[in-house]
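Single-structure report; data block below.
The values are calculated or read from the model by the stated rules, or taken from the named source; none is laboratory data. If you're wondering where the values come from, they're calculated on a predicted model, not measured in any experiment. Positions of Cβ are backbone-derived with ideal geometry, glycine not excepted, and every protein chain shown enters the neighbour counts.
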Amino acid sequence: MKKKTIFLLCCVILAVSLLAGASSSAVNYKVLLPNTSVYNAPSTEAEVAFVLQQNESVVLVDESITGTDGRTWQKIKYNDTYDGYVLFQYLYPVQNGSTEKTEIRKATPNKIGEKVDLHSMPSATSEVVYSVEDGTKLNVIVGEVVYNGFVKVENEGKYYFVAEENVTKGLTKNQKIACIFVGAFVGILLVVFVVLLIRKRIQRNS
């Protein structure tokens, strides 16, 4: 009897451990963009139920569906209370316990006139999927994972890699150069204005 009881207890403990492991490795979803509208029905014509902010966690309810507009919608639950429909492209998956989140940064090429390449892998020699213009806003996935000088970016549910030096939170390299030129031009105008003003006063005094 004791052996049977011990066996049953071991089975229960094993089952609980397996469930806990499955839960810890489960995939959650977070909101990709700030001020993301959640609708009462799978359509942008429906009433907005509530608005979520970037990186807020949500629970997926049922399978995703195709709306009347031809886009993929997902029913979600937020904070165990609110539910509604959101475009699936505005969500991104994360592992439970992950510190990953998204930040909006701007593409900044190394030289004027160049574009920023989005790679299939975190390597400069990997395939360039496509390129973006200077100042293009990118959804950068930031967290505990380091990609050897590259950052992971999300676009329409797909992931790419960009050299870390080619994304910025502030002004892009081209914008900085433009500011320098504008500042220099304004400085020249001020100098010319001061010179003309001084010359005018000298002429009056003479």
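Could you tell me whether segment 96-116 includes any residue that is in a loop (DSSP other than H, G, I, E, B), at pLDDT below 90, out of contact with any Asp or Glu (no Cβ under 8 Å at 6 or more places or on another chain) and within 13 Å of TYR159 (Cα to Cα)? So far as segment 96-116 goes, no, none of its residues is in a loop (DSSP other than H, G, I, E, B), at pLDDT below 90, out of contact with any Asp or Glu (no Cβ under 8 Å at 6 or more places or on another chain) and within 13 Å of TYR159 (Cα to Cα). The lone criterion from (1) free of Cβ contacts under 8 Å to residues at least 60 places away in the same chain; (2) outside the structural domain of PHE150 (by TED's automatic domain parsing); (3) touching an Asp or Glu at 6+ places or on another chain (Cβ under 9 Å) left unmet by GLN89 is number (1).
Residue-level analysis places SER131 among those that are over 20 Å from THR36 (Cα atoms) and either touching a Lys or Arg at 6+ places or on another chain (Cβ under 7 Å) or β-branched (Val, Ile, Thr) (or both). Residues in segment 122-131 that are modelled with pLDDT of 90 or more and either within 18 Å of ASN110 (Cα to Cα) or basic (Lys, Arg) (or both): 2 in all.
With the condition kept exactly as written, say whether any residue in segment 61-68 is outside any strand (DSSP E or B), in contact with a Ser or Thr (Cβ under 9 Å, 6 or more places away or on another chain), of a type in the set (Ser, Thr, Tyr) and modelled with pLDDT of 90 or more.
For segment 61-68, residues outside any strand (DSSP E or B), in contact with a Ser or Thr (Cβ under 9 Å, 6 or more places away or on another chain), of a type in the set (Ser, Thr, Tyr) and modelled with pLDDT of 90 or more: absent.
When TYR92 is tested against (1) modelled with pLDDT under 85; (2) over 13 Å from TYR29 (Cβ atoms); (3) under 16 Å from the mean Cα position of the chain (by Cα); (4) not aliphatic (A, V, I, L, M), exactly one condition is not met: (2).
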